[in-house]
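Beneath this line is the structure, given in structure tokens, with notes to follow.
Values in this text are rule-based calculations from the coordinates and carry no lab data. Just so it is clear, the model here is predicted, and its values are computed rather than measured. Note that each Cβ is placed from the backbone with ideal geometry, even for glycine, and that neighbours are counted across all protein chains shown.
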Amino acid sequence: MRYVFITGTSRGLGKALLNEFKGDRIISLSRSEVDSDVQLFKTFHLDLKNESELEQESSKIFSSVTPDEGDEVFLINNAGTVEPVQSVENIDAAGYLDSYKVNVLAPALLIKAFIDEYKNQNITKRILTVSSGAAVKATEGWAAYCSSKAAVNMISDVVRLESSRHGTHIESATFRPGVIDTDMQTAIRSSDPEQFPSIEKFKEYKASEQLIPPEKVAQTLKTVITAENFKDQGHYDISEYIQ
Ligand SMILES: NC(=O)c1ccc[n+]([C@@H]2O[C@H](COP(=O)([O-])OP(=O)(O)OC[C@H]3O[C@@H](n4cnc5c(N)ncnc54)[C@H](OP(=O)(O)O)[C@@H]3O)[C@@H](O)[C@H]2O)c1
């Protein structure tokens, strides 16, 4: 049996992942309602900006399933936000905090609860956190986004080291999904060009049909997380799988 915890299942990549894992027991974590034909094993509604609620609920989320020896449990940290798209001189404390809460703190707290729940269980334990090329490439207007994705990459790497030393067999990696045709790209294309000078490039990606359909990204993510040698790599990039 495979249990798959997925955040941000209401739209975009997260929604496409539901279809990809429909043969498994999906535990959906979303802020908004999920409108999907895929049967969900459990659903939890959470605003990932609410870190106290997340801290309180996260152990309940992972203890809501009882895997047997030999089962697989996956956590896919998918939910994310690109906002605020503003130059550094214009981002205020609330802008950074909201970004970091969703993109860094929420995955970190979910990873913590996942480790707490499963560290001593003889099951396959995998965490895949959706990151971005922005983690390693500075882009004007994306100070909060770039720095948040860089931070979550590091958290995943630290988990790998600690898991190895503690012998918990928790396998953690990040995934760069490329430029996906989702609402996030719609938001990026409607940014203020003053704040986001790369806007024309992103409009061109859409116009020339270079955006990757979320279904294709979801398929690739599944290939990554189900691979026998998943634990060998800390960071996966969709460009290694599709042209
Ligand atoms: N699209 C791209 O080109 C691209 C490129 C690189 C990386 N990524 C990464 O891929 C992942 C998926 O992105 P996407 O393109 O599918 O984005 P999307 O279409 O904007 O969807 C974002 C998802 O995250 C959820 N979310 C955002 N803030 C939340 C909060 N405070 N609490 C709970 N859920 C929240 C949204 O829920 P609501 O419906 O409730 O808002 C939604 O389900 C993200 O981590 C993103 O950074 C995307």
Environment charge at Asp24 (Cβ cut-off 14 Å; Lys +1, Arg +1, Asp -1, Glu -1): +3
Amide proton proximity set for Ile26, modelled H, under 5 Å, gap of 5+: Val4, Phe41, Lys42
All-pairs Cα distance distribution in the range 101-195, expressed in whole percent, bin size 10 Å: 15, 42, 27, 13, 4, 0
Theoretical ellipticity at 222 nm over the chain - DSSP helices of four or more residues, -39500 (n - 2.57) apiece, nearest 500: -12500 deg cm²/dmol
Ile212 long-range amide H proximity, modeled H, under 5 Å: Val179, Ile180, Asp181
Folded to 0 to 90 degrees: helix 106-118 orientation relative to the chain principal axis, Cα: 10 degrees
Two-decimal log10 I(q)/I(0) for the range 1-84, as the Debye equation yields it once each C-alpha is a single scatterer, q = 0.13, 0.16, 0.18, 0.21 Å⁻¹: -0.39, -0.59, -0.74, -0.99
Relative contact order of the chain, defined on C-alpha pairs under 8 angstrom at six or more residues apart (%): 20 percent
Local net charge near Ser58, Cβ-Cβ under 12 Å (Lys/Arg +1, Asp/Glu -1): -4
Mean Cβ neighbour count within 10 Å, used as a protection proxy, ranking 72-78, 95-101 highest first: 72-78, 95-101
Isotropically averaged projected area of the chain, using the convex hull of Cα atoms (one quarter of hull area), nm²: 12.7 nm²
Charge dipole (debye, nearest 20) of the range 8-92; +1 at Cβ of Lys and Arg, -1 at Cβ of Asp and Glu: 240 debye
